[in-house]
Amino acid sequence: MNIKIKNAYEKNLKHIDVEIPRNKLTVITGLSGSGKTTLLKDTIYIESQRQHLETMNYQGIPKPKVEQIKNLSPAILIDQEDRNDNPRSTLGTQTDIYTDLRMIFEKLHQRDCPNCHKSISASDSKEETEKVDGEFSVYMYCPHCNYRMDKLTRSHFSFNTKAGACPRCKGMGKSLNIQEKLYKKDKTILNGAIATWHSAYAQYQMKSFSALLKYLKISVPEDIPLKEFTSEQFDLLKNGIYSTVISEAQKEHLPTKVAEGKYEGVEPKIWEKIAEEKTIPKSLKGFIKEETCSECHGEKLNPLSRFVKVYNRRLPEITRESLTHVLYWVRQVKKQSNTQEKNSVKDYLLDIETKIKRISKLGLAYLSLDRQYSTLSGGEAQRIKLAAVLDSQMTELIIILDEPTIGLHPSDTEGLLAMIDEIKGRNNTVLVIEHDEEVIKQADYIVEIGPNSGVFGGEVVSTGTYNVLMNNPYSLFLQSKHPNYQQNSYQRNTKQIAVEIQKASMHNL
Ligand SMILES: [Zn+2]
Ligand SMILES: [Zn+2]
């Protein structure tokens with residue numbers, strides 16, 4: 001059965017009819033700008049979405065400019081554009097390999113008993129679950145001294161939960177720090193000691209600050225440069241009513257009005273502003289820097305979760321290494337664990353192994369699980385998504401890929417083709433926009449759109465297998481890739497068009 005496209009005229013497409021075999025690999029090729037993307041993404045993909053939604057009685061996607069497409073299936077578009085920009089999303093969370101690791105750590109982690117300080121393992125400690133205020137808490141008992149402690153569970157190993165995240169950076173691994181240069185030590189407050197306080201605002205803040213000092217019966221450092229402030233005065237200037245001076249000394253109520261000394265301090269004000277605007281305001285840019293969190297050193301987890309081990313490795317160590325090393329560790333766990341341990345984690349180990357092998361075949365074994373997903377290149381992200389399609393076990397789909405070989409080392413093309421083969425083998429139809437000759441050679445069917453780009457493209461130039469096209473005098477693009485094969489036909493055609501363009505613009509003038 002073929003997918004039958006009748007009279008497609010979206011953008012530059014010239015009312016074309018095309019048939020594409022189902023459950024095969026079809027490559028759409030041609031010059032850039034010839035209309036390949038218009039045919040695949042703007043016509044086939046959008047029409048599939050529209051038909052699919054219509055079966056569920058949803059309307060709203062406008063029909064692309066095409067008379068009819070028959071025999072479509074739900075389509076998945078795996079291109080390089082749509083990206084996950086969430087800064088908390090990593091390769092590990094995106095592929096769910098991190099979830100497997102969290103489960104393995106819950107089952108097998110080793111730690112020191114807080115009471116007898118002997119090393120204990122979660123796998124041979126007695127467990128107990130208690131329901132307190134509607135929430136379940138899990139405890140475990142030290143096998144040596146019977147001491148009861150909170151058990152570390154999967155949520156303690158997630159940097160996206162309160163239980164697991166580093167309290168300082170909230171699991172981001174980075175934190176914003178105010179730079180010392182915000183304070184001009186040689187100046188007085190009214191003469192620009194705080195770089196972001198200007199004239200009237202500086203006066204207003206100075207009044208409020210003075211009121212607080214008077215309230216606390218501390219002398220007001222007027223007309224003296226910052227460097228002459230006492231440490232108490234400087235702490236109050238920086239942190240106002242939130243400073244330690246106050247939390248330690250002043251137990252009763254604090255001033256509630258600015259005029260009475262409700263002075264909030266330079267730094268709390270800055271954090272408030274950043275939280276409100278959800279970004280660093282322009283005026284503060286030079287004074288705030290994002291730095292590796294000083295508490296977890298970028299490891300994102302709280303101290304306990306960060307330091308427990310499974311077979312000698314801490315979780316942040318595992319996620320920092322290349323996938324190749326993670327695989328090595330997985331094999332160590334398999335080899336060294338006893339039967340009971342093995343049974344409790346074998347599914348997770350298998351899942352990690354399968355996924356990493358798959359990703360490695362696509363030439364991405366050098367990546368680490370803690371790699372922020374949004375920093376992957378378009379090609380890397382596309383191949384990760386392709387691997388995920390195989391994990392999903394879905395069938396009867398149309399998978400659309402946009403130049404999956406971009407950034408791929410030529411020696412890894414074979415792995416990519418093997419994966420496409422596997423997807424195809426599950427009764428999926430794979431449609432690929434591609435210029436890479438290895439991929440084109442392997443295609444079951446090729447559709448060449450051209451002959452040129454823009455208004456001079458949008459036609460079906462030739463269709464068939466690689467060998468058929470190589471002998472088809474109309475297959476201009478494909479043959480142009482072979483310098484020794486009818487090189488002139490393509491160039492001749494381009495020249496001809498160039499002349500036509502010239503004529504056209506002359507007439508318009
Ligand atoms: Zn103990
Ligand atoms: Zn931290």
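None of the figures in this text is laboratory data; all of them are computed from the coordinates on show. Computed from a predicted structure; not experimentally measured. Ideal geometry is used to build each Cβ from the backbone, glycine not excepted, and the neighbour counts take in all protein chains shown.
Under 5 Å from the amide H of K174 lie the amide H atoms of C293, each residue being 5 or more positions distant or on a separate chain, with H modelled from the backbone and absent for Pro and chain starts.
Simple point charges give the picture: +1 on the Cβ of Lys and Arg, -1 on the Cβ of Asp and Glu, and for the stretch 177-292 a dipole about the Cα centre of about 280 debye. Neighbour counting of Cβ atoms within 10 Å sorts the residues F209, F157, F307, fewest neighbours leading, into F307, F209, F157.
Loop-located trypsin sites (Lys or Arg not before Pro) in the stretch 274-322 (DSSP state other than H, G, I, E, B) with a sparse environment of at most 11 neighbouring Cβ atoms within 10 Å: K278. Looking at the square roots a ≥ b ≥ c of the eigenvalues of the Cα gyration tensor of the chain, which shape do they give, rounded for a/c under 1.5, prolate if a/b is larger than b/c, or oblate? Oblate, since a/c reaches 1.5 and b/c is not below a/b.
As a proxy for reagent exposure, L301, L417 were ordered by neighbouring Cβ count within 10 angstrom, fewest first; the result is L417, L301.
The mean sequence separation of alpha-carbon pairs under 8 Å and at least six residues apart, normalised by the residue count of the stretch 177-292, gives a relative contact order of 32 percent.
The packing ranking, built from the mean of other Cβ atoms within 10 Å per residue, places the peptides 433-443, 93-103 in the order 93-103, 433-443, highest first. Applying the criteria of a DSSP loop state and at most 12 other Cβ atoms within 10 Å to the GluC sites (Glu not before Pro) of the stretch 376-418 yields E396. Toward the positive end of the charge dipole of the chain, with +1 on the Cβ of Lys and Arg and -1 on the Cβ of Asp and Glu, the farthest Cα among W329, I104, A275 is that of A275.
Evaluated with a Cβ-only charge set (Lys, Arg +1; Asp, Glu -1), the chain carries a dipole of roughly 460 debye about its Cα centre, given to the nearest 20. Close amide H pairs (under 5 Å, H built 1.01 Å from N) link I120 with R111, D112, C113, residues at least 5 positions away or on another chain.
3J(HN,Hα) couplings calculated from phi for the stretch 169-185 with the Karplus curve 6.51 cos²θ - 1.76 cosθ + 1.60 (θ = phi - 60°) are, in sequence order, 9, 6, x, 7, x, 10, 9, 8, 10, 7, 7, 3, 5, 4, 9, 8, 4 Hz; Gly and Pro show x.
Looking at the stretch 112-187, the trypsin sites (Lys or Arg not before Pro) that sit in a DSSP loop and have at most 13 other Cβ atoms within 10 Å of their own Cβ are K118, K162, R168, K185. Size of the stretch 177-292: Rg and Dmax of its alpha carbons, in Å, are 14.0, 39. Taking Cα centre as origin and charging only the Cβ of basic (Lys, Arg, +1) and acidic (Asp, Glu, -1) residues, the dipole magnitude of the stretch 89-234 rounds to 380 debye. From least to most packed, judged by other beta carbons within 10 angstrom and beginning with the fewest, S121, S32 follow the order S32, S121. Taking every C-alpha pair closer than 8 Å and separated by at least 6 residues, the mean separation divided by the residue count of the chain gives a relative contact order of 23 percent.
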